[in-house]
1. Using a Förster distance of 30 angstrom, determine the FRET efficiency expected from the C-beta separation of residue 160 and residue 276, and round it to 0.05.
2. So how do 388, 330 line up by other beta-carbon neighbours within 10 Å, fewest first?
3. Report the calculated FRET efficiency for residue 379 and residue 351 (r = Cβ-Cβ distance, R0 = 22 Å), to the nearest 0.05.
4. By counting other Cβ atoms within 10 Å of each Cβ, how are 72, 177, 340 ranked from fewest to most?
5. Through the Karplus equation 6.51 cos²θ - 1.76 cosθ + 1.60, θ set to phi - 60°, convert the phi angles of the stretch 370-387 into ³J(HN,Hα) values in whole Hz; use x for Gly and Pro.
6. Which links in 301/353; 159/191; 63/299 stretch past 26 Å when you go from one Cα to the other?
7. HN-Hα J couplings of the stretch 23-33 from phi, Karplus 6.51/-1.76/1.60, θ = phi - 60°, integer Hz, Gly and Pro as x?
8. So if R0 is 35 Å, what FRET efficiency would residue 136 and residue 21 give, r being the distance between their Cβ atoms, rounded to the nearest 0.05?
Amino acid sequence: MTRGLQFLNTREHFLRVDTTALRARMLANSQLSAEERRQLHELFEMAAARLHFEYHRNLERLKAIYAPYDPDHESPPLPQDEVCVVGHLAPIGDAFEELLLAANYAEMPREQIATCVAYDSQKGLRVKANLADYDDLRVFYRGVHVEERTFRSWLTPWKRTSEQLHIFSRAAMLVCDAAAPQAGITLKLFKDVVAEDLEMLLPRVRIRMRLVDHLKVGSSVTGGAVTAVWKALTAAAISPWVLLMVLSGFTGAAVRSVMGFLSRKSHYMQALTNKLYFQNLANNSSALAHLVDAAEVEKLKELLLAYYLLYVERECNHTETSLDRRVEEWLLAEFGVESDFEIDDALNGLADKGLLVRMPLTKGTVRGAEGLRVYDLPSALRRLDETWDEFFGCHGKRLPSEDRLVDKHWPPSESQEIAPGVIVRRIDAPQVPAANSGGTSGRCLHWT
């Protein structure tokens, strides 16, 4: 185990369960009737649609925040004072952190980044990075697991040795290059990242050849040079022509040694390129879109888990603590997944959708504890539907008969009503056209 990375061996908030599999397992509960399954499926769909719309708005806000710093922005970004029309804009670092925490990522402390960068893995490509090259460098990760990899050491090539490495299922980076601050802020998203090889993902890295590679190239050059010098001294005593042939051979050996060095360096460059090509998921604004989608999925899973267990185990009088423990037990029993469930986020999501009620408990519980209740399925569906109707908060709703066409009288002055004497009448059946109707029949707007 890599010293300094023990903090990675803790339970994560990340729910390593596919949403489709989670919903299917819930609907397969034999305690539910056919009607309950249908209604629960509808609730899943409505909750997913509501969250999708919310996170779509969040994506637009984040893109507006990031636009002035995006290296890939196609059009000139708006000044910050004009961008503020989309609402309150937090600094890009804070907005990025908020998004990643919502997607159940965890941030790697600066000292742990330094530990990963300084670590020399015994297998794979070796590169060198300096954290001083960056004005800002933040790393977030989720989905940590440990893998054991075997290798042959150059000191003991006859036997295989193993080492344990931490693998991040996903890793996200925010990088600001100190050498080129005008280039903006780079956002990167990777998959299957070895924590101990984290420096390979940084934009300013330098390749280092291994000691065994130095020995191979150095021994070849040294051996060739010593042999050539010996042959040159011997040939000089025999004939100038022989000396010329020996020097030609020495030149060829030197060229081969240089080409061997360049070939080895090219091998390292190709390995680095291939690794980054297959591990890179998204960059800059596309990384934002990917992370917003991940945050949406995580919040949906948390909300569904909380509602489902409060509904099917309604006789248990769950409190916040007991529900947190019960969700973790259910995930472990059903999917074999260990997780530190975010009970606060789940309950806040239910409360925001109007599906949760907190009730004071007095018997058999900790003093001051609150019991958690959710509405039944028909009520929950109705309440979710109402939140859609009120989502945009339109004021001054009017009846269809009060609809008007905009004309020269709009907007009205304080002392004048809207187009006095003008009304809108909907004609649904063919009628004799009025003189000023232009010969229109059928469904139309008719002025009188």
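1. About 0.65, to the nearest 0.05.
2. 388, 330
3. Values: r = 15 Å, r/R0 = 0.68.
With a Förster radius of 22 Å, E is 0.90.
4. Ordered from fewest to most neighbouring Cβ atoms within 10 Å, 72, 177, 340 come out as 72, 340, 177.
5. 10, x, 10, 10, 10, 6, 5, 4, x, 5, 5, 5, 5, 5, 5, 5, 5, 5
6. In this structure, 159/191 exceed 26 Å between Cα atoms.
7. So the Karplus estimates, Gly and Pro as x, are 5, 5, 5, 5, 5, 7, 4, 5, 6, 8, 7 Hz.
8. E(calc), rounded to 0.05, equals 0.40.
Throughout, read-outs are computed from the coordinates displayed, never taken from laboratory work. If you're wondering where the values come from, they're calculated on a predicted model, not measured in any experiment. Every residue, glycine as well, gets a Cβ built from its backbone with ideal geometry; the counts of neighbours run over all protein chains shown.
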